[in-house]
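The values are calculated or read from the model by the stated rules, or taken from the named source; none is laboratory data. What you see is a predicted model, and the numbers here were worked out from it, not measured in a lab. So basically every Cβ, Gly included, is an ideal-geometry build from the backbone, and we count neighbours across all protein chains shown. SASA here: full protein model, heavy atoms, side chains in, ligands and nucleic acids out. Shrake-Rupley method; radii C 1.70, N 1.55, O 1.52, S 1.80 Å.
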Amino acid sequence: MTDPAPRPRLSAERILAEAFALVDAEGTDAFSFRVLAARLGCQAMSIYHYFPSKAHLFEAMVGVCIDEMTLPPPGEGWRAKLEHVCRDFRAMALRHPGFFAYFTIFRQNNATGLRFLNELLTVLEATGLPADRRAFHFRAIGYYIGGAGLDEALGYARGPSSLDPVPDEVARRDYPAIMAVGPWFASRYHEAIFTHGMTVLLDAIAADIAAHASR
């Protein structure tokens, strides 16, 4: 009889990877150090050696998510950079569906978060727009990619439902405008819809830059 293979040595990286696997599969409500320790094959106190609390662990996970997103090379123009960031953000959301809701409401007020936000705002600063316009565009992009990420990662179709949903045949009769566009909400159109919304936002920035330059 052979001895079982030894478990991988505990490390911060292994804890983070298993925490993502747990949260992305079951959501933050299912998370606890006890459950995580069982998955890691260790005692919960061993995790505290690396992360003193759930808040410390989740903040480290936020940092991992930020590190997964990158800005393109400096030679790219503002539009290419922002498009790259938007697509990276969406990809990160889809990789971490269970954790993304926490990420979206985490205040990026530590060094890692502020550095990331400052890089994005530096991209907008290069457009020559005044601070108020940069702020408006920055927030609008954040609203869009955050909402799109939540919708795709968590899934509107998997959200809470009415106890008395309207049957399809009744909906087709009474709510024809909704039913006419319904097929286009399928997941196979998500990327095209995301691109459409992103293009609308970037076009608005380009128009704002042109208007500002002509004054």
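The length gained by stretching the chain between residue 188 and residue 11 to full extension, at 0.36 nm per residue less their Cα-Cα distance, is 59.9 nm. Candidate values (i) 188; (ii) 207; (iii) 121 were compared with volume of the Cα convex hull per residue in Å³ computed on the shown model; the agreeing label is (ii).
Considering only 92, 45, 198, give the residue with the highest GNM mean-square fluctuation for the chain, with springs between Cα atoms whenever their separation is below 10 Å. Taking springs between Cα atoms under 10 Å, the residue moving most is 45. Among the protein heavy atoms of the stretch 10-67, carbon and sulfur supply 53% of the accessible surface, probe 1.4 Å, non-protein parts ignored. On a per residue basis, the stretch 161-215 carries 75 Å² of accessible surface, using protein heavy atoms and a 1.4 Å probe.
To the nearest 0.05, what FRET efficiency results for residue 44 and residue 118 with a Förster distance of 25 Å applied to their C-beta separation? Before the final figure, lay out the partial values.
Working: r = 37 Å, r/R0 = 1.47.
Computed FRET efficiency for residue 44 and residue 118 comes out at 0.10.
What shape does the stretch 88-215 take by its C-alpha gyration tensor, where a ≥ b ≥ c are the square roots of the eigenvalues and a/c under 1.5 counts as rounded, a/b above b/c as prolate, and the rest as oblate?
On the way: a/c = 2.99, a/b = 1.61, b/c = 1.85.
Note, shape of the stretch 88-215 comes out oblate.
Highest GNM mean-square fluctuation among 130, 97, 183, for the chain modelled with Cα contacts below 10 Å: 183.
Counting only protein heavy atoms and a probe of 1.4 Å, the accessible surface of the stretch 72-164 is 59% carbon and sulfur. Protein heavy-atom accessible surface, 1.4 Å probe, per residue over the stretch 66-158: 55 Å². In the elastic network of the chain, a GNM with C-alpha springs shorter than 10 Å, the most mobile of 171, 91, 37 is 171. Around the Cα centre of the stretch 24-182, unit charges on the Cβ atoms of Lys, Arg, Asp and Glu (plus for the first two, minus for the last two) sum to a dipole of about 300 debye. Loop-resident trypsin sites (Lys or Arg not before Pro) (DSSP state other than H, G, I, E or B) in the stretch 102-175 with no more than 16 further Cβ atoms inside 10 Å of their Cβ: 107.
Assuming R0 = 45 Å, can you tell me the calculated FRET efficiency for the pair residue 170 and residue 21, based on Cβ-Cβ distance, to the nearest 0.05? Given R0 = 45 Å and the Cβ-Cβ separation, E is 0.60. Normalising the average separation of contacting C-alpha pairs (under 8 angstrom, six or more residues apart) by the number of residues puts the relative contact order of the chain at 20 percent.
Once both labels are positioned 7 Å from their Cα atoms along Cα-to-Cβ, the gap between residue 32 and residue 135 label points is 4.4 nm.
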